[in-house]
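Notes to accompany the following structure.
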Amino acid sequence: MPLKGIRVLDFGRYIAGPYCAVLLGDYGADVIRIEAPGGNDDRYTVPVADDGSGAMFMQMNRGKRCLTLKPGSPEGREIVRRLVETADVVVANLPHAALTKIGLDFDTLSAINPRIILATVSAFGSEGPLAQNVGFDAVGQAMSGAVHLTGTPDQPYRAQVNYVDFGTALHTAFGVMLALRERETTGRGQCVSGSLLGTALAFSNALAIDHALNGIERQPIGNRSYSSGPTDVFRTRDGWIVTQIVGGGIFARWANLVGRSELVDDPLYASDILRGDNGEALSVIMQDWCSQRSSADAIAELGAARVPAAPVLRASEALAQPQVAAMGLVEPANYPGTPSSAPVIRAPIILSDSTKVASARAPQVGEHSEAILAELGYGAAEITALRAASII
């Protein structure tokens, strides 16, 4: 296991922090989730279990151990101190002021353990006029220009999937791996900082470069693309499909498939950017072709012609695809009090010489508190006293 022996303290909430930590756990890190006594709010989003634990929690916290704790209390600070002495990484997606208030800022942590790596995730970073503001995924989407360009001119739309949160978690996990690698040389930890705004702007950077260098202020065009065509979502006889036609070779195969081979030599469609500029007419042609076919037939013909296309699936259909089973992406997890196993997808990467740890479910509230405290040297009577005082 690449990260066997690495201990991660996860003070994260919702997605960006917890997903960073769980990715490390998938490859061997011992991840301890720190929750308030009774559980954190993010545990109970979209409940799916008898104890109220939610769908997002099942994915974000698989395989972790859970310690309940009031870290701001004197007793809680001592527990945190002992944890930090044993840890390699602390993950906390809180503003800098909040980290300092509860003693999770880098200066405090490194004074306890000079090898510690602090991975922080915030909405806007630690400097600037918005540094102390809080935010969620949609804030990053909106402030990156992505929401303005999604939907129609009179109705912007945000993405329902929290891609800014997940992207920030991935960037931060990458930063943690860099810091671990650097520590092998220096022997010292460092602070890894990620932000929702930074991630959102990185993901949409090509749009900003387009504006800066071409002077074009792009406007929303529905499901079409600015730089290819016919890239769009089309209604078939029984559903919807998407195509993404990029490159001259694919465009030629598409034109021949739909019986419009003359489009290949039409100067209006001589490049991807021109096909994007004139994509409305191409979408009309493709829509007419799709209207005469079922989704399955359209996908089959497009696939045979090596034209990228896919059905627009409901969430209830996505995991039932034979391709998902063939790739082994779903690892069922049996959480107490759920009507069936949760179809969890872990880190969707494969290392040729390293496997993930065995799949394990998310923890119940405080499920491992006694065991973790015992590892830190607390006796049974001390643990009982901490619980009676609602410290854990």
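No value in this document is a laboratory result; all are computed from the given coordinates. Please read these numbers as outputs of a predicted model, since none were measured by experiment. No Cβ is skipped: glycine too gets one built from the backbone with ideal geometry, and neighbour counts run over all protein chains shown.
Brief remarks on what is shown
- Largest-first ellipsoid semi-axes for the range 321-376, taking √(5λ) over the Cα gyration tensor eigenvalues, angstrom: 28, 18, 6
- Protection proxy ranking of 79-91, 372-384 - average other beta-carbon atoms within 10 Å, highest first: 79-91, 372-384
- Alpha-carbon centroid distance for the pair the range 369-392 / the range 287-322, whole angstrom: 56
- In the chain, lysine pairs closer than 14 Å at Cα, eight or more apart or cross-chain: 4
- Cα-projected label distance for R314 with Q287, points at 7 Å along beta-carbon direction, nm: 2.5
- The range 59-173 pair-distance distribution - Cα-Cα, 5 Å bins, rounded %: 2, 10, 16, 19, 17, 15, 9, 6, 4, 2, 1, 0
- Legend: calculated FRET efficiency, E78 to T185, from the Cβ-Cβ distance at R0 = 35 Å, rounded to 0.05, equals 0.60.
- Size-normalised alpha-carbon gyration radius of the range 110-170, reference 2.2 N^0.38 Å: 1.50
- For V233, the residues whose modelled amide H falls within less than 5 Å of its own, excluding neighbours fewer than 5 places apart on the same chain, are N223.
- Residue among G303, G39, G366 with the largest mean-square fluctuation in a Gaussian network model of the chain, springs linking Cα atoms under 10 Å: G303
- Most fluctuating residue given options S316, S227, S195, as computed from a GNM of the chain linking Cα atoms under 10 Å: S316
- Neighbour-count order for V147, V264, fewest beta carbons within 10 angstrom listed first: V264, V147
- Beta-bridge orientation, the chain: approximately 45 percent antiparallel, per DSSP, counting only bridges with both partners inside.
- Under 14 Å, Cβ to Cβ, from T231 - net charge with Lys/Arg +1 and Asp/Glu -1: -2
- Relative contact order %, the range 232-312, counting alpha carbon pairs below 8 Å whose residues are six or more apart: 48
- Between the helical axis of 279-291 and the longest alpha-carbon principal axis of the chain there is an angle of about 90 degrees.
- Using every pair of separate Cα atoms, the Kirkwood estimate puts the hydrodynamic radius of the range 173-298 at 17.7 angstrom.
- Divided by 2.2 N^0.38 Å, where N counts the residues, the Cα radius of gyration of the range 213-367 comes to 1.40.
- As a proxy for reagent exposure, ranking M60, M177, M1 by other Cβ atoms within 10 Å from fewest up yields M1, M177, M60.
- Cα centroid of the range 63-114 to Cα centroid of the range 166-207, whole Å: 20
- Scaled to the globular estimate 2.2 N^0.38 Å, the Cα spread of the range 232-312, given as radius of gyration, is 1.01.
- Figure legend: label point modelled 7 angstrom from the Cα of V233 along Cα→Cβ; residues of the range 126-156 with amide N under 14 Å from it are 150-152, 156.
- If R0 is 41 Å, the Cβ-Cβ spacing of F136 and S261 corresponds to a FRET efficiency of close to 0.25.
- Note on the range 1-115: Kirkwood radius taken over Cα pairs, Stokes-Einstein applied at 25 °C and 0.890 mPa s, translational D equal to 170 µm² s⁻¹.
- Counting every other Cβ atom within 10 Å of each residue's Cβ, S352, S261, S340 order from fewest to most as S352, S340, S261.
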